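Please treat every number below as a calculation from the coordinates, not as lab data. The structure displayed is predicted, hence computed values, not measured ones. Don't worry about glycine lacking a Cβ; one is built from the backbone with ideal geometry, like all the others, and counts go over all protein chains shown.
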Amino acid sequence: MLLALTNPAVVAYDPAFGYEVAFIVEDGLRRMYGDQPEDVFYYLTVYNEPYPQPAAPELAGLREGVLRGLYRYSHVASEQPRAQILASGIAVRLALQAQQLLSNDWRIAADIWSVTSWNELRREAVACEEHNLLHPQETRTPYVTQALMETTGPIVGVSDWMRAVPDGISRWVPGDWSSLGTDGFGRSDTRAALRRHFHIDAESIAVAVLSALARRGDIDPGVPERAVKRYHLLNEQVPAGKDTTAGESG
């Protein structure tokens, strides 16, 4: 994804669900082979891990959000302390698991956003900045800023890529930002163990959200440490019942 960002002709997506792939492929065929073909090509991540594929949710602007790079997949109606989790690809499923942990264990509400393309979000934001530089009386607001402007709580980004990928949109995120990713050397192990090693599993995402809330003073500052101990994050112990399929993450 980092290399893809350096080439303006590469349109890169990291979809989580089949219906997202359908929207992206359809639009890619239109742009590359339609009446007015563009000089672009598409790069899509397709993970080697099978998991249930939901039907497309009935959300206003779903197709636009998928193609532009971001839409809210799951909203929790609650008066509890709230956070926003932005995830891409396989990490969306992990974020949904973290959403349940936060609700059940800590009484925290977390909205889940599917980021189909960190790169397209960044490119559009950079284009807005260039427009605003040359047209100071006709400023534009990046799509990612518009989408998150009315949200509540800190924002945590997570992906199966190194943090530099989600961090590419951080300066346009309206609110407190932190991220999780697979920085460092990889290794061969089960998927669950790899995600625990890189701290992008559901429990690590939950702790990242709790830490962000604690820094803001929204929850007791001792909660994140209790969560680290509860989920055995210090010794990388994978909770019982986790997926034990061998292979590299993603």
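As a length-normalised measure over Cα pairs under 8 Å and 6 or more apart, the relative contact order of segment 94-192 settles at 21 percent. Neighbour counts of other Cβ atoms within 10 Å put Leu2, Leu96 in the fewest-to-most order Leu2, Leu96.
Calculated [222 nm] ellipticity per residue, helices only, for the chain: -12000 deg cm²/dmol; basis is -39500 (n - 2.57) per DSSP H run with n ≥ 4, divided by all residues, nearest 500. DSSP beta bridges fully contained in segment 66-230 are about 20 percent antiparallel. Listing Met162, Met149 from fewest to most neighbouring C-beta atoms within 10 Å gives Met149, Met162.
Are there any helices in the chain, counted as whole DSSP H runs, that stretch 27 Å or more along their axis by Cα and score at least 0.5 on average by Kyte-Doolittle, and if so which?
Length and hydropathy pass: none found.
Karplus-derived 3J(HN,Hα) values for segment 44-57, using 6.51 cos²θ - 1.76 cosθ + 1.60 with θ = phi - 60°, are 10, 7, 10, 6, 8, 10, x, 7, x, 9, x, 5, 4, x Hz; glycine and proline are entered as x.
Thinking of segment 40-92 as a set of Cα atoms, what percent of all their pairs are more than 14 Å apart? Above the 14 Å cut-off, segment 40-92 has 68 percent of its Cα pairs. Among Asn132, Asn235, Val21, flag the residue with its Cα farthest along the positive direction of the charge dipole of the chain, charges on Cβ as +1 for Lys/Arg and -1 for Asp/Glu. The residue sitting most towards the positive pole is Asn235. Using alpha-carbon positions, what is the distance between the centroids of segment 53-106 and segment 197-234, in Å? Comparing the Cα centres of segment 53-106 and segment 197-234, I get a distance of 19 Å. Counted over segment 66-230 with a bin width of 10 Å, the fraction of Cα pairs per bin, in whole percents, is 11, 39, 33, 14, 3, 0. Other residues within the sphere of radius under 12 Å centred on the Cβ of Ala4, judged by their own Cβ, net out at 0 (K and R +1, D and E -1).
Arranged from fewest to most other beta-carbon atoms within 10 Å of their beta carbon, Leu210, Leu133, Leu62 become Leu133, Leu62, Leu210. The mean sequence separation of alpha-carbon pairs under 8 Å and at least six residues apart, normalised by the residue count of the chain, gives a relative contact order of 18 percent.
For segment 180-188, the Karplus equation 6.51 cos²θ - 1.76 cosθ + 1.60, evaluated at θ = phi - 60°, returns couplings of 10, x, 9, 6, x, 6, x, 7, 8 Hz by residue, with Gly and Pro reported as x. Applying a DSSP loop filter and a limit of 10 other Cβ atoms within 10 Å to the GluC sites (Glu not before Pro) in segment 84-192 leaves Glu138, Glu150. Residue ranges 190-197, 140-147, 217-224, 32-39 sort as 190-197, 140-147, 217-224, 32-39 when ordered by packing (mean number of other C-beta atoms within 10 Å per residue, highest first).
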